[in-house]
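A short write-up of the structure that comes next.
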There are 2 protein chains.
Amino acid sequence: MSDRTRLRRKPDRTVEDRDAIHAVLDEGLMAHVGLVAGEGDDAHPVVIPMLYARDGEHLLLHGSPASRLLRTARAGVDLCVTVTLLDALVLARSGLHHSMNYRSVVVMGRATEITDHAAKVAALDRLVEHTIPGRTSRVRVAHDAEVKGTIVLTLPLAECSMKVRTGGPVDDPEDLDEPAWAGLIPIGVAVGAPIPDLGAADDPVPGHVAFWARGPGQLNGRPPPAGDTT
Amino acid sequence: MSDRTRLRRKPDRTVEDRDAIHAVLDEGLMAHVGLVAGEGDDAHPVVIPMLYARDGEHLLLHGSPASRLLRTARAGVDLCVTVTLLDALVLARSGLHHSMNYRSVVVMGRATEITDHAAKVAALDRLVEHTIPGRTSRVRVAHDAEVKGTIVLTLPLAECSMKVRTGGPVDDPEDLDEPAWAGLIPIGVAVGAPIPDLGAADDPVPGHVAFWARGPGQLNGRPPPAGDTT
């Protein structure tokens, strides 16, 4: 953890456990990627949602060369990639003690482009597998032109930090007799029944899809990895 | 919409409908707030998750004066606030056509601090009401010291843009015979049963809480506003 990512505020919410950081990144579906666009007086922050994947001690990002954000990031500018999982709304007995329970990982650093063809294909497979485990073996192999026409970036997890809030509301002691109901409303990811594309309507839903979509009400994220995801 | 927020890429995904932008901001629970920290060679982006609220044509943010991000934002630097709702995973017949359906609003600009006491109290109420409609009338009134000890910022929606992806996978025509199942896995917000705080365990769950938490499986966001949220 660098000085930049050391948390000044509420250090008790800081987590340094590498496995915990990996777990948040593996559970998240979307990252918010920030960089500084423009120069001089025109310099301003830009924050864009992106799919991502973790590959060991790196984050992978990808996109079209037509994407200004990807082209800028490829040039090696500083990035800040944040993945946040919302776990609960925290209802306290006073307005200002309302809060949320969450797990959030912030990764800072400069990305480098993966240009080696085989490494790029492997990274693109990781990106699909991150979102839908078991998927890559079921779709056709990427064409060389598709791979060439995609930017893939890798960002080391060297400079990253995690912040977590758990538990119930923290009220002022003198507020504990207030009549307001206090507690948590748990929040997670809901998954609906798969909707087949035209032409796929009569196909049985395969295991790796049904696995993801085994019904709504998956609180706190995606279903845990299971043995049989055929 | 300014030149900065005009989307260069996939302009067909751009939405200029003011009501649609408001709807995304009203449905979202969390924003990712980006700014440029440091100066000169040390300038780097920082992206932090925050609760927020919409108040007409402004976004409201708040936090402690101990928060470095809030202190920096208060000074009037450029911000980029992004709210993203994930609606579906898009499974195509080839890896690189996999995508996600989402609605995302990006707001750029400089925030100003709300210092007038009454306006600040109203803004803090809006922040609670955004997350839990009907809540402010059930908690005690904020103490003056609490209000003084909180930074509240307002950011105009003048410079904002929305990007949306809907619909099924867009496959190459020659891939339509591929055996891979293709379609959508809908994603939304799951809401669990309320967990009462110590001391509130025997209290009946009030309507404004039960309303939010009326069971898991709320696909595509929070429950719609209802008449009776007592």
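The values are calculated or read from the model by the stated rules, or taken from the named source; none is laboratory data. Everything quoted here is computed from the prediction, not taken from an experiment. Glycine also receives a Cβ, built like all others from the backbone with ideal geometry; neighbour counts cover every protein chain displayed.
Quick one: in the stretch A:36-75, of everything that is polar (S, T, N, Q) and within 9 Å of chain B (Cβ to nearest Cβ), which residue is farthest from residue B:31 (Cα to Cα)? Steps first, answer last, please.
Initial filter on the stretch A:36-75 (polar (S, T, N, Q)): A:64, A:67, A:72.
Add one more test, that the residue is within 9 Å of chain B (Cβ to nearest Cβ), and what stays is A:64, A:67.
Numbers: A:64: 25, A:67: 22 Å.
Applying the filter and picking the extreme gives A:64.
Among helices (runs of 4 or more DSSP H) entirely within the stretch A:65-157, having at least 2 residues that are out of contact with any Pro (no Cβ under 9 Å at 6 or more places or on another chain) and surrounded by 19 or more Cβ atoms within 10 Å (Cβ to Cβ) singles out A:68-74, A:117-131. Scanning the stretch B:146-158 for residues that are more than 10 Å from chain A (Cβ to nearest Cβ) and either out of contact with any Asp or Glu (no Cβ under 8 Å at 6 or more places or on another chain) or of a type outside the set (S, T, N, Q) (or both) yields a total of 8.
Being over 30 Å from residue A:112 (Cβ atoms) and either β-branched (Val, Ile, Thr) or surrounded by 15 or more Cβ atoms within 10 Å (Cβ to Cβ) (or both) is true for just one of A:171, A:177, A:202. Which residue is that? Even if it seems obvious, please write down each step before you answer.
Values: A:177 fails: either β-branched (Val, Ile, Thr) or surrounded by 15 or more Cβ atoms within 10 Å (Cβ to Cβ) (or both); A:202 fails: either β-branched (Val, Ile, Thr) or surrounded by 15 or more Cβ atoms within 10 Å (Cβ to Cβ) (or both).
Every option except A:171 fails the conditions.
Taken as a whole, the condition of being more than 30 Å from residue B:211 (Cα to Cα) and of a type in the set (D, E, K, R) applies to residue A:74.
So is residue B:197 outside the structural domain of residue B:58 (by TED's automatic domain parsing) and either β-branched (Val, Ile, Thr) or at pLDDT 90 or above (or both) or not? Considered against the rule, which asks whether it is outside the structural domain of residue B:58 (by TED's automatic domain parsing) and either β-branched (Val, Ile, Thr) or at pLDDT 90 or above (or both), residue B:197 comes out as yes.
Restricting the stretch B:14-35 to residues that are within 7 Å of chain A (Cβ to nearest Cβ) and crowded, with 22+ Cβ neighbours inside 10 Å leaves a set whose member that is nearest to residue A:82 (Cα to Cα) is B:32.
Just checking, how many residues over the stretch B:177-201 are under 30 Å from the mean Cα position of the chain (by Cα), touching a residue at least 40 places away in the same chain (Cβ under 8 Å) and part of a loop (DSSP other than H, G, I, E, B)? Show your work before the answer.
Here is the first cut: in the stretch B:177-201, the ones under 30 Å from the mean Cα position of the chain (by Cα) are B:182-198, B:200.
Now restrict to residues that are touching a residue at least 40 places away in the same chain (Cβ under 8 Å): B:182-189.
Checking the rest, the ones that are also part of a loop (DSSP other than H, G, I, E, B) come to B:182.
Residues that pass the stated criteria total 1.
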